[in-house]
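The values are calculated or read from the model by the stated rules, or taken from the named source; none is laboratory data. Please read these numbers as outputs of a predicted model, since none were measured by experiment. Note that we place each Cβ from the backbone using ideal geometry, even for glycine, and neighbour counts take in every protein chain shown.
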Amino acid sequence: MKKENATLLSRSDISEGLFIIRVKPDFPIPDFIPGQYVALGLLTEENKLIKRAYSIASSPDQKDRLEFYIARVDGGALTPRLDKLQSGDRLYVSPKITGTFTLQGVPAGSHVVFISTGTGIAPYISMLRTANVWQHNWKFILIHGVRYEQDLAYKDELEKLAKESDLFHYYCTVSRASEAWQGERGYVGKFLKDGVVQVTPESNHLFLCGNPAMIDELSVFLTQRGFKEHKKRSPGNLHLEKYW
Ligand SMILES: Cc1cc2nc3c(=O)[nH]c(=O)nc-3n(C[C@H](O)[C@H](O)[C@H](O)COP(=O)(O)OP(=O)(O)OC[C@H]3O[C@@H](n4cnc5c(N)ncnc54)[C@H](O)[C@@H]3O)c2cc1C
């Protein structure tokens, strides 16, 4: 029977219902490719394991813990329970890490555009934190869309990276910003539609992660412009990871 096999090391609360957890499995963390995901779970009072998929936000270079960025879904089976966890609490981490939402097969020198809503930023954080990702002459643009400005997790880390590297550019946008917010407003798609970020199927690989409505809308926009969805057996330049 599957048992809780990992310990929560620490958590950071980003805003109401959005939190980052760092987890140490009892087993050595297997090698993985940045962008992949794993199942996390908790046992119910009836000893039933509830499991869901979560993208890993930490780099495979970090061997002693796994980081996850999680949204509590009110009424959901697992996330309200995950949101109650504190340091030292036990949870289940599947020993199998899997997924094809990675940079594998993206040609050297490509201009890579990462688009995310909410916690969909997690796989990109793993990629950008990984040393060998910077050895392929790739250029990266990351676009993050959230509802409220306080939901902009990883903003400081990404702004610092953008300052330090000519190979990385960061945009964020807020759909329900307060009056005080001085940055971009609206949805992530506007950067493509307004031509602020210009993409062509010849030179770009596009990654879309998070809210399925955003992914459906931008997939139509991009396939109409010649992008092809990436599949394991039929490689393309449009990489999709729907969270629900
Ligand atoms: C490959 C993959 C990677 C994922 N990585 C992450 C991650 O890094 N971080 C993360 O927070 N989630 C991630 N998810 C979503 C996660 O697996 C769960 O679906 C989510 O946490 C809800 O679980 P739950 O048991 O609380 O809700 P459930 O009881 O499973 O679902 C309740 C309802 O909420 C909907 N729902 C699920 N997620 C959301 C959401 N975020 N917002 C609004 N409605 C939602 C479902 O469609 C369902 O109808 C990922 C999903 C996949 C497939």
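Numerical summary
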read-out	value
Qualifying residue in the range 202-223 (condition: within 16 Å of the chain's Cα centre (by Cα) and on the phi > 0 side of the Ramachandran plot)	yes
Residues (surrounded by fewer than 22 Cβ atoms within 10 Å (Cβ to Cβ) and not charged (D, E, K, R)) located in the range 48-69	Leu49, Ile50, Ala53, Ser59, Pro60, Gln62
Selected residue (only one of Thr100, Thr119 is part of a loop (DSSP other than H, G, I, E, B), touching a residue at least 60 places away in the same chain (Cβ under 8 Å) and within 11 Å of the ligand (Cβ to nearest atom))	Thr100
Qualifying residue in the range 60-69 (condition: more than 9 Å from the ligand (Cβ to nearest atom), closer than 22 Å to Tyr170 by Cβ, modelled with pLDDT of 95 or more and in contact with a Gly (Cβ under 8 Å, 6 or more places away or on another chain))	no
Candidate set from the range 230-244 (those that are within 19 Å of the chain's Cα centre (by Cα) and away from the ligand (no atom under 16 Å from the Cβ)); member that is surrounded by the most Cβ atoms within 10 Å (Cβ to Cβ)	Asn237
Selection count where residues are crowded, with 19+ Cβ neighbours inside 10 Å, hydrophobic (A, V, I, L, M, F, W, C) and farther than 20 Å from Gly118 by Cβ, scope the range 190-221	1
Those residues of the range 140-168 which are touching a Cys at 6+ places or on another chain (Cβ under 6 Å) and not hydrophobic (A, V, I, L, M, F, W, C), in sequence order	His144
Count of residues meeting criterion [outside any strand (DSSP E or B), in contact (Cβ under 8 Å) with a residue 24 or more places away in the chain and not aromatic (Phe, Trp, Tyr)] in the range 191-244	22
